[in-house]
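Each remark here refers to the structure printed beneath this line.
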Amino acid sequence: DTQVTEKFRSNGGKEYAPKSTTTDVEVACGYAIRQRKTGGALPMKIVAENNLQRGADVRFLSMFPGEAETLFPPLNFMQPTGKEQVIEFELPGGGSFKLCIIEVKTTLP
């Protein structure tokens, strides 16, 4: 539940804790919705240029392997590419919501 700041847009930022992500956009959107609204979620699309920039696939350890969890180590640096995409999703039972997805590149420590 956060908003992207201009400082993050221009300088990027690092995550001090391990970062849990997913390769499944539907799972990410499911976590972004709370009580049928987004509540200020900030989804990011991580672009990896090579295998050294990808997180570790931890599905084999997960209680929910269908969530396609990928884990990044602490101090992972995220640099926005300047690309953003607004996607509108239909909610089950009616209604819709929009998410602004920020594209970032990662650098692992």
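The values are calculated or read from the model by the stated rules, or taken from the named source; none is laboratory data. Just so it is clear, the structure is predicted and the values come from calculations on it, not from any experiment. Positions of Cβ are backbone-derived with ideal geometry, glycine not excepted, and every protein chain shown enters the neighbour counts. Accessible surface areas use protein heavy atoms only, side chains included; no ligands, DNA or RNA. Shrake-Rupley method; radii C 1.70, N 1.55, O 1.52, S 1.80 Å.
DSSP loop (so not H, G, I, E, B), at most 13 other Cβ within 10 Å: list which chymotrypsin sites (Phe, Trp or Tyr not before Pro) in segment 5-109 pass both filters. Qualifying residues, ordered by number: Tyr16. Residues in the chain average 68 Å² of solvent-accessible surface per residue, probe 1.4 Å, ligands and nucleic acids excluded.
Electrostatic tally near Phe60: other residues with Cβ closer than 13 Å to its Cβ, Lys and Arg +1, Asp and Glu -1, net -2. Expressed as a whole percent, the accessible surface of the chain that belongs to carbon and sulfur atoms is 55, based on a 1.4 Å probe. How high is the FRET efficiency from Thr107 to Met63, r the C-beta distance, R0 30 Å, rounded to 0.05? The calculated FRET efficiency here is 0.50.
Given R0 = 22 Å, the distance between the Cβ atoms of Tyr16 and Gln53 translates into a calculated FRET efficiency of 0.75.
The lysine pair tally for segment 1-99, using Cα distances under 17 Å and a gap of 8 or more places or different chains, is 7. Can you tell me the FRET efficiency between Met44 and Glu88 if r is taken as the Cβ-Cβ distance and R0 is 22 Å, rounded to the nearest 0.05? Efficiency, from the Cβ-Cβ distance: 0.75. Among the GluC sites (Glu not before Pro) in segment 11-109, those placed in a DSSP loop whose Cβ has at most 11 other Cβ atoms within 10 Å are Glu49.
With a cut-off of 13 Å between beta carbons, the residues surrounding Leu108 carry a summed charge of +2, where Lys and Arg count +1 and Asp and Glu -1. Take every DSSP beta bridge with both residues inside the chain and express the antiparallel ones as a percent of the total, to the nearest 5. Around 85 percent of the beta bridges assigned by DSSP in the chain are antiparallel ones. Entry note, the chain: the mean residue ellipticity at 222 nm calculated from DSSP H runs of n ≥ 4, each adding -39500 (n - 2.57), is -3000 deg cm²/dmol after division by the residues and rounding to the nearest 500.
Scale the Cα Rg of segment 34-109 by the rule-of-thumb value 2.2 N^0.38 Å and send over the ratio, two decimals.
Taking the Cα Rg and dividing by 2.2 N^0.38 Å, one obtains 1.31.
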